[in-house]
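Enquirer: Quick one: the structure is below, questions incoming.
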Amino acid sequence: MPTFTLLLDLDDTLLETNMDVFIPAYFKALSGALADKVAPELMIPALTGGTRAMMANTDPALTLQEVFDSVFFPMLGLDRLTLQTAIDRFYDEIFPSLGVLTKPIPEAIRLVDWAFAQGHRVVIATNPFFPLKAIQHRLRWAGLAPEKYPFALVTSYETFHFTKETVAYYPEMLAQLGWPEDPLVMVGDDIDREVKPTQAAGFPVFWVRKSSEVSAEAVGVAQGPLESFRGWLEKATPASLKISIQAPPALLANLRSTPAAIATLVASVPPDGWKHQPAPAEWSLTEVLCHLRDVELDVNQPRIRKLLAEENPFLAGEVTDQWVEERGYAAQDGLQALAAFVSARKETLSLLDGLQAEWSRKARHAIFGPTTLRELIGFVAGHDRVHIQQIWKTLRSGW
């Protein structure tokens with residue numbers, strides 16, 4: 001059996017959780033833990049406001065923690081430093097007691113055990129509203145302690161920039177994994193947060209459906225109770241579980257996720273790591289980021305603007321690899337290059353967001369021949385993935 005990447009939702013897929021009960025109990029417990037510093041009447045509006053801001057975020061420059069903090073602490077009139085000790089104590093000592101409101105799902109434990117035994121890559125694709133330590137507690141409640149299971153990734157608000165309400169959440173996961181080429185499937189129970197956005201991202205999905213559930217929106221979607229998933233996967237062909245990034249929502253989600261994921265991947269690079277070359281002829285992280293920045297500013301944006309402004313324009317080919325020497329990338333600052341790339345990509349997205357019929361606008365490319373805006377953005381997304389894979393390889397080559 002080939003290796004698969006399994007993106008597994010947590011709540012009501014791996015862990016039985018009644019969110020209508022759990023979230024109020026969580027908010028109440030946190031309010032109580034901070035009551036000596038924060039008036040209870042301020043806590044719930046601040047928590048709700050911060051959560052809504054995370055759900056609405058589309059800015060690849062901001063982690064969900066940064067988004068939450070920018071709303072939560074000002075509403076309290078305090079800063080994080082003032083509350084950090086109490087917050088840490090809450091997640092270490094009080095939050096674990098909320099486990100009684102959840103139940104492990106025996107079939108979920110059997111599935112995860114089987115997946116690891118088969119050598120599959122397993123990701124905990126939970127909506128990243130919580131800090132990592134809270135999600136790790138919830139995994140323990142599910143009987144899937146992170147100390148036992150080497151999950152490839154657990155999505156949390158410290159390192160993610162989008163929630164499941166934003167399609168970019170899904171490619172951000174793959175980008176943080178270095179865009180592996182394995183067959184892939186998302187497994188989740190929620191039509192609105194897992195099935196529809198996963199499909200919009202171009203990812204295969206399996207809907208964990210309760211026997212009584214029906215949905216017109218899930219017609220044609222692989223579905224069934226969790227215990228049927230393993231049998232379905234064993235019969236699936238690798239070709240049927242490939243990502244398809246062709247529709248505009250998937251293309252935009254990929255473009256939005258790239259700078260976000262790169263920022264997470266390089267967050268802990270030491271000062272001397274930016275100039276490290278995996279091999280003499282290969283680029284350092286600084287050189288890769290300078291390349292992405294300049295291609296965005298000097299190739300991608302001019303092409304998009306020209307295509308949107310002119311009828312069937314001619315687009316010249318560009319040879320950009322030589323810029324690494326011509327523009328002296330090795331001597332530049334990698335973090336500054338990253339910041340400039342993030343800013344440039346946000347500008348590119350502002351050109352593309354909201355387009356409708358324009359995706360079919362035509363152009364003549366010196367190399368590709370007749371093309372469209374949609375195809376050109378597909379090339380940009382593919383270029384992103386190549387360099388994310390390059391960054392991933394460099395990060396694992398050692399310093």
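Enquirer: Specify whether the C-alpha gyration tensor of region 17-100 places it in the rounded, prolate or oblate class, a ≥ b ≥ c being the square roots of the eigenvalues: rounded for a/c under 1.5, otherwise prolate if a/b is larger than b/c and oblate if not.
Expert: Details: a/c = 1.66, a/b = 1.22, b/c = 1.35.
Oblate is the answer for region 17-100, as a/c is 1.5 or above yet b/c matches or exceeds a/b.
Enquirer: With charges only on Cβ, +1 for K and R and -1 for D and E, what is the dipole size of the chain about its Cα centre, in debye, rounded to 20?
Expert: In debye, rounded to 20, the chain gives about 440.
Enquirer: Apply the Karplus parameterisation 6.51 cos²θ - 1.76 cosθ + 1.60, with θ equal to phi minus 60°, to every residue of region 188-194 and state each ³J(HN,Hα) to the nearest whole Hz, in sequence, with x for glycine and proline.
Expert: x, 9, 9, 4, 7, 9, 10
Enquirer: Can you spot the lysines whose alpha carbon is less than 29 Å from residue 210's alpha carbon? Ignore those fewer than 8 places along the same chain.
Expert: Candidates past the 8-residue exclusion: 103, 148, 164, 196, 235, 242.
Enquirer: Going by Cα centres, region 32-47 and region 182-206 are how many Å apart?
Expert: 36 Å
Enquirer: Run the numbers for residue 214 and residue 56: contour at 0.36 nm per residue of separation, minus the present Cα-Cα distance, in nm. Could you put the intermediate results ahead of the total?
Expert: Details: separation 158, 0.36 × 158 = 56.88 nm, distance 2.80 nm.
Stretched fully, the residue 214-residue 56 segment lengthens by 54.1 nm.
Enquirer: So, one more: Near the amide H of residue 363, under 5 Å away, which other amide H atoms are found, from residues 5 or more places off or on another chain, if H is placed in the peptide plane?
Expert: 371, 372
Enquirer: Is the shape of the chain best called rounded, prolate or oblate, per the rule: a/c under 1.5 gives rounded, else a/b larger than b/c gives prolate, else oblate, with a ≥ b ≥ c the square roots of the Cα gyration tensor eigenvalues?
Expert: It is prolate, given that a/c is not under 1.5 and a/b is the larger ratio.
Enquirer: Which value, in debye to the nearest 20, gives the size of the charge dipole of region 219-336 about its Cα centre, when Lys and Arg are +1 and Asp and Glu are -1 at the Cβ? Walk me through the intermediate numbers first.
Expert: Details: 10 positive and 15 negative charges, 116 e Å.
In total the dipole reaches around 560 debye.
Enquirer: While we're on this one: From the phi of every residue in region 371-383, what ³J(HN,Hα) in whole Hz does the Karplus formula 6.51 cos²θ - 1.76 cosθ + 1.60 yield, where θ is phi - 60° and glycine or proline is x?
Expert: Ordered by residue, 3J(HN,Hα) equals 8, 9, 4, 4, 5, 4, 5, x, 5, 4, 4, x, 4 Hz.
Enquirer: Give the residue from 341, 357, 285 lying farthest towards the positive end of the charge dipole for region 266-395; charges sit on Cβ (+1 for Lys and Arg, -1 for Asp and Glu) and the dipole is referred to the Cα centre.
Expert: Most positive-ward Cα: 357.
Enquirer: Can you give the FRET efficiency to the nearest 0.05 for residue 364 and residue 242, using r as the Cβ-Cβ distance and R₀ = 41 Å?
Expert: So the FRET efficiency works out to roughly 0.85.
Enquirer: State, to one decimal in nm, how far the label point of residue 78 lies from the label point of residue 200, with both points 7 Å from Cα in the Cβ direction.
Expert: Those two pseudo-labels are separated by 3.6 nm.
Enquirer: Can you tell me the FRET efficiency between residue 336 and residue 396 if r is taken as the Cβ-Cβ distance and R0 is 30 Å, rounded to the nearest 0.05?
Expert: That gives a FRET efficiency of 0.80.
Enquirer: Based on the alpha-carbon gyration tensor of region 266-395 and its eigenvalue square roots a ≥ b ≥ c, which shape applies: rounded if a/c is under 1.5, prolate if not and a/b is larger than b/c, or oblate?
Expert: The shape class here is prolate.
Enquirer: Related question: Using only helices, what value at 222 nm comes out for the chain when you add -39,500 (n - 2.57) per DSSP H run of length 4 or more and divide by the total residues, to the nearest 500 deg cm²/dmol?
Expert: So the helix-based figure for the chain works out to -14500 deg cm²/dmol.
Enquirer: Can you compute the FRET efficiency between residue 101 and residue 301 using 1/(1 + (r/R0)^6), with r the Cβ-Cβ distance and R0 = 51 Å? Round to the nearest 0.05.
Expert: Numbers: r = 50 Å, r/R0 = 0.97.
About 0.55, to the nearest 0.05.
Enquirer: Hey, another quick one. I'd like the Karplus ³J(HN,Hα) series for region 16-23: coefficients 6.51, -1.76, 1.60, θ = phi - 60°, whole numbers in Hz, and an x wherever there's a Gly or Pro.
Expert: Along region 16-23, the couplings run 6, 9, 8, 5, 5, 9, 5, 4 Hz.
Enquirer: On to the next question. How far is it, in nm, from the label point at residue 89 to the one at residue 228 when both lie 7 Å from their Cα along the line to the Cβ?
Expert: For the pair residue 89/residue 228, the computed spacing is 5.0 nm.
Enquirer: Using alpha carbons only, how many angstrom separate the centre of region 288-357 from the centre of region 73-111?
Expert: So the two Cα centres are separated by 41 Å.
Enquirer: How would you rank 292, 81, going from fewest to most other Cβ atoms within 10 Å of each one's own Cβ? Intermediate values should be presented prior to the final figure.
Expert: Details: 292 26, 81 8.
Ordered by Cβ neighbours within 10 Å, fewest first: 81, 292.
Enquirer: Sticking with this structure for a sec: I'd like the trypsin sites (Lys or Arg not before Pro) in region 266-366 restricted to DSSP loop residues with at most 10 other Cβ atoms within 10 Å, sorted by number.
Expert: none
Enquirer: State the extension gain, in nm to one decimal, for the chain segment bounded by residue 353 and residue 148, taking 0.36 nm per residue of separation less the distance between their alpha-carbons.
Expert: Residue separation times 0.36 nm, minus the Cα-Cα distance, leaves 69.5 nm.
Enquirer: Could you tell me which chymotrypsin sites (Phe, Trp or Tyr not before Pro) in region 308-361 are loop residues by DSSP with no more than 14 other beta carbons within 10 angstrom of their beta carbon?
Expert: For chymotrypsin sites (Phe, Trp or Tyr not before Pro) across region 308-361 that sit outside H, G, I, E and B with at most 14 neighbouring Cβ atoms in 10 Å, the list is empty.
A short reminder: the numbers here are calculations on the coordinates, not readings from a lab. Because the structure is predicted, anything quoted here is derived from the model rather than measured. We place every Cβ from the backbone using ideal geometry, glycine too, and count neighbours over all the protein chains shown.
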